[in-house]
Structure formats: structure tokens, C-alpha cells
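S.K.: Here it is: the structure, laid out below.
The values are calculated or read from the model by the stated rules, or taken from the named source; none is laboratory data. Because the structure is predicted, anything quoted here is derived from the model rather than measured. All Cβ positions, glycine included, derive from the backbone under ideal geometry; neighbour counts span all protein chains shown. We work out accessible area using only protein heavy atoms, side chains counted, and drop any ligands, DNA or RNA first. Shrake-Rupley method; radii C 1.70, N 1.55, O 1.52, S 1.80 Å.
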Amino acid sequence: SAVISQKPSRDICQRGTSLTIQCQVDSQVTMMFWYRQQPGQSLTLIATANQGSEATYESGFVIDKFPISRPNLTFSTLTVSNMSPEDSSIYLCSVVDRNTEAFFGQGTRLTVV
Amino acid sequence: DAKTTQPNSMESNEEEPVHLPCNHSTISGTDYIHWYRQLPSQGPEYVIHGLTSNVNNRMASLAIAEDRKSSTLILHRATLRDAAVYYCILREASGGYQKVTFGTGTKLQVIP
């Protein structure tokens, strides 16, 4: 199993600013993912955070808006850049272990005003 | 990715069994059927998964149709803590490090 810690758990930010969300895992993992969950909606995958290389983004998400770092096998960050109220969502970090089970952090609840 | 179809919402009385259906008519032979649930204000958590045979664990049972085009997650005695959104997800068996793609899920309400 894997235990994931996300920081911050919630934040209220001014439009036009940026927020960096941290994801720390208690063990080394190969794959880390970032999701967005808009109010009342399901989870949408933003990108796969690759260790040692650029993240792989899903359709509709771009690096300039959601830059991701993955400096090692236990840590990743997601930045939400130049925020607007439409970016108000829950952002979740996830890892998958070799047995295919996925683990999720508690999420970061972001409100942009 | 093959798609799944679930009812948007279901209700159950507390301590009664709950059968949550999922249709996946385009499932491929190598797709595993996974279930996750998301409790209020929490990230999703793994519930159960299977390929062809029915599966049981401490949380639930998974009944898979013989043609694999549908499956049912069974909670044997619903409690208030089981109120959550339940997601039925197909994942390829090739490699254990795949992303999880979520559908809309079924919101389960448990009535005391």
C-alpha cells in the first residue's frame, strides 16, 4: 500500500496568481498522476508525472497552465498557474503500485476568488 | 478505453444488501473490472477488482456476468459509512502502472 500526503489541504487564492500543490508518498513509486475534480463532477486526469522527464498531459491540459515536477520517486508538485475562478476544484495526487491498485491523496480544495 | 455505464444514483436502507450494477459491453478480453469508491471529502479508495470469476474481500463482493459485459458490486450490509460515489472502471491487464480513468459513478445514499 501507499500513503499519500498532499499540501495544502485547501486554499483560497486571488485570480491571476499561482498555487503549487505538493504530493509526498511514503514509498518509492513508478507512476504518479494528477487529477482534477470540479464541483459535483467525477475525476479528470490532468497528467502523468514522469520521474526524470517531462510530464505527459491529457487532452485539454497544457504544461504552461499546469506545470508538474517529479524530482524523485516519492515526490511531485502540480502548479496551477494564472488562476481564474474556473480553476476552483479539488486537485488529487494518485499513485499506482505494481498490483494495479491505485491510491489517492485526500485532495487539495482550491477556491479562486 | 472501454466505457462503463452506471446508474447516477441509488438508495439503500441501512443494514440491507446493496447491488450496484455496471455495464461494460465493449470490454476486451484483457480488461480487469475495478471498483473504487469516494467517500465525502476524501480521495477515491480501492474496493475490489476481478477478471472473470466472482471475487470477495472484506469490503464487498464482485459478481461478473459470464459474458463479462456487466458486473455487480455487492455490499452485503450497507452502513451509513458506505454512503459514497462508487466507480466501475476497466483497466487493461498489460502492466500494473496504468492511469485510472473515471466515469460518472453511482452515488449511493444509505437511509437509516
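S.K.: Out of all the residues in the stretch A:82-109, which are surrounded by 16 or more Cβ atoms within 10 Å (Cβ to Cβ) and more than 14 Å from chain B (Cβ to nearest Cβ)?
M.R.: A:Met83, A:Asp87, A:Ser88
S.K.: Follow-up question, since we're still on this one. Quick one: which strands (runs of 3 or more DSSP E) sit completely within the stretch B:67-112 and have at least 1 residues that are at pLDDT below 95, away from chain A (no Cβ under 11 Å) and touching a His at 6+ places or on another chain (Cβ under 8 Å)?
M.R.: Hits in the stretch B:67-112: B:84-92.
S.K.: Tell me which residues, restricted to the stretch A:28-41, are open to solvent by 20 Å² or more (accessible area, probe 1.4 Å), in contact (Cβ under 8 Å) with a residue 12 or more places away in the chain and either out of contact with any strand residue (DSSP E or B) (no Cβ under 6 Å at 6 or more places or on another chain) or more than 9 Å from chain B (Cβ to nearest Cβ) (or both).
M.R.: A:Gln28, A:Thr30, A:Arg36, A:Gln38, A:Pro39
S.K.: Sticking with this structure for a sec: Condition test on A:Arg70, is it of a type in the set (Lys, Arg), more than 26 Å from B:Ile89 (Cα to Cα) and touching a residue at least 24 places away in the same chain (Cβ under 8 Å)?
M.R.: yes
S.K.: Could you check, for the stretch B:28-40, whether at least one of its residues is buried (at least 17 other Cβ atoms within 10 Å of the Cβ), touching a helix residue (DSSP H, G or I) at 6+ places or on another chain (Cβ under 9 Å) and of a type in the set (Ser, Thr, Tyr)?
M.R.: No - not one qualifying residue is present in the stretch B:28-40.
S.K.: Now a separate question. Does A:Thr44 satisfy being part of a strand (DSSP E or B), open to solvent by 20 Å² or more (accessible area, probe 1.4 Å), within 13 Å of chain B (Cβ to nearest Cβ) and of a type in the set (Val, Ile, Thr)?
M.R.: yes
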